[in-house]
Amino acid sequence: MARLSRSKRLSRTAITVMLAAGLGGCTLAGSTESDPSKKSIDVGFMYDVHAANVWTMDQCESDTVSITLTPFKQFAEIQRGLERGQLDAAMMGYQNLGQMLDNGFEGFRAVSGVYRGGEHIVVRAGSGITSWNDLRGKKIGVPPNSFVEMLLRASLREAGVDVAGVELVPFAGAGPPLQTALRNGEVDALVAWEPNGATAITEGFGAAPPFDIQDGSLGDATSLMYVSSALHGDQQAVDALVSCLRDRTEKLSADTGQWVTALQARTGLGDDVARAAVRTGTMDIALPQASAERIIREFAANGLLSDTSGRVAEFFDYGPLERVTGAPVSELGKG
């Protein structure tokens, strides 16, 4: 596997779901006002389709905390906010743990999962691509140095397909340019987060093949919740945050219609695309330690991170999940 330059930033480079869907004219919701009688927790997030449990946390009721939601366009921006002490909590990818350690920042803990899935490969409709082997010699649109690229590279390797035998075509941030390239036949497939795939499939120029980038050893763990060390020192506040996340996860998972409505209100997605997109992933607060270790190792193998996978356990705190759910750590992803 070709190694990538360490100088390249590994940030997701994803712009918001709105831009990824090409929804001009939509604006991000502003931060909510905090209640001065409660502890304020500022949560950095992106409007990812399957992170509705985060971007609806302002609907939680709590006697102890007031949650303020601050939207960002990239995981890299959220990470900088956490590192600079501008955020109390942050929804980011598992790879961000490794990047923060590479930056010499250790003032955080991971306390909950957010969602699984939502990262897929879509092939051009009518392409005849039905297996990993069929991608040999084909062009694949890829947001460079992203988690989806790592998923693709790992999947190709596990399927016995040399990545050098396919052409990876870079598209910064995915979105309309990548979708247009698939529509026009400039690429034969794309790998991206939702709603890119749902848009392509719903509009008829893309198709979901009988294989996927999240079927391999890296799995489908996608996003989790980090808290600053300062917030982590307040057990009651962290437990309230995790409790809110569990509440939103359960309510929205049980009522897909409410989830779709919220997604449309926040992003402007059409009903068909929104409904197709939510089916491609799952909100999940479990915190799989092994997944984090594998993801960091994959980024390291591609020259984008130091291999700090052996330190993951230092920064995963299952205490809040245990107290909030009553479940043992063996059911919450530890080990």
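Derivation of every value follows stated rules applied to the coordinates shown; laboratory data play no part. Small disclaimer: the values here were computed from a predicted structure and weren't measured. When we count neighbours, we look across all protein chains shown, and the Cβ atoms used for this are built from the backbone with ideal geometry, even at glycine.
Observations on the model:
- Size of charge dipole - the chain - debye, nearest 20, with Cβ of Lys, Arg +1 and Asp, Glu -1, no other charges: 820
- The HN-Hα couplings worked out from phi for the stretch 114-131 by the Karplus form 6.51 cos²θ - 1.76 cosθ + 1.60 (θ = phi - 60°) are 10, 7, 10, x, x, 10, 9, 9, 10, 9, 5, 4, x, 6, x, 7, 10, 8 Hz, whole numbers, x standing for Gly and Pro.
- Structure remark: mean-square fluctuation, Gaussian network model of the chain, C-alpha springs under 10 Å; the largest value among V142, V166, V49 belongs to V166.
- Here the chain is treated as a Stokes sphere of Kirkwood radius computed over C-alpha pairs; at 10 °C and 1.306 mPa s its diffusion coefficient rounds to 79 µm²/s.
- Cβ-Cβ FRET estimate between A125 and K38, R0 fixed at 56 Å, reported to 0.05: 0.65
- Placing unit charges on the Cβ atoms of the charged side chains and taking the dipole of the chain about its Cα centre, the candidate lying farthest along the positive direction among V122, V111, I285 is V122.
- Normalised by the number of residues in the chain, the mean separation of alpha-carbon contacts (under 8 Å, six or more apart) gives a relative contact order of 27 percent.
- Its Cα centre serving as origin, the stretch 119-207 has a Cβ charge dipole (Lys and Arg +1, Asp and Glu -1) of approximately 140 debye.
- For the stretch 119-207, alpha-carbon Rg and Dmax in angstrom: 11.6, 32
- Pairwise centroid distance, computed over Cα atoms, of the stretch 181-196 with the stretch 267-335, Å: 25
- Inter-part distance where the stretch 216-234 and the stretch 74-151 are each reduced to a Cα centre, Å: 13
- In sequence order, calculated HN-Hα J values of the stretch 328-335 (Karplus, 6.51, -1.76, 1.60; Hz; x Gly/Pro): x, 4, 5, 9, 9, x, 6, x
- Estimated vicinal HN-Hα couplings, Hz - the stretch 163-171 in sequence order (Karplus 6.51, -1.76, 1.60; Gly, Pro = x): 4, 5, x, 10, 9, 8, 9, x, 9
- Residue-averaged [θ]222 nm for the chain, counting only DSSP H segments that reach four residues, each worth -39500 (n - 2.57): -10000 deg cm²/dmol
- Ranked by the mean number of other Cβ atoms within 10 Å per residue, highest first, peptides 233-239, 329-335 order as 233-239, 329-335.
- E314-A164 pseudo-label distance in nm [points 7 Å out on the Cα-to-Cβ vector]: 3.6
- Of every Cα-Cα pair in the stretch 145-294, the percent that sits beyond 27 Å: 36
- A straight Cα-to-Cα reach below 24 Å connects K139 with the lysines K8, residues fewer than 8 places away in its own chain not being considered.
- Among beta bridges identified by DSSP and lying wholly in the stretch 119-207, the antiparallel ones come to about 55 percent.
- Under 11 Å, Cβ to Cβ, from L168 - net charge with Lys/Arg +1 and Asp/Glu -1: +1
- Size descriptor for the stretch 283-323, Kirkwood hydrodynamic radius: 11.2 Å (Cα pairs only, one decimal).
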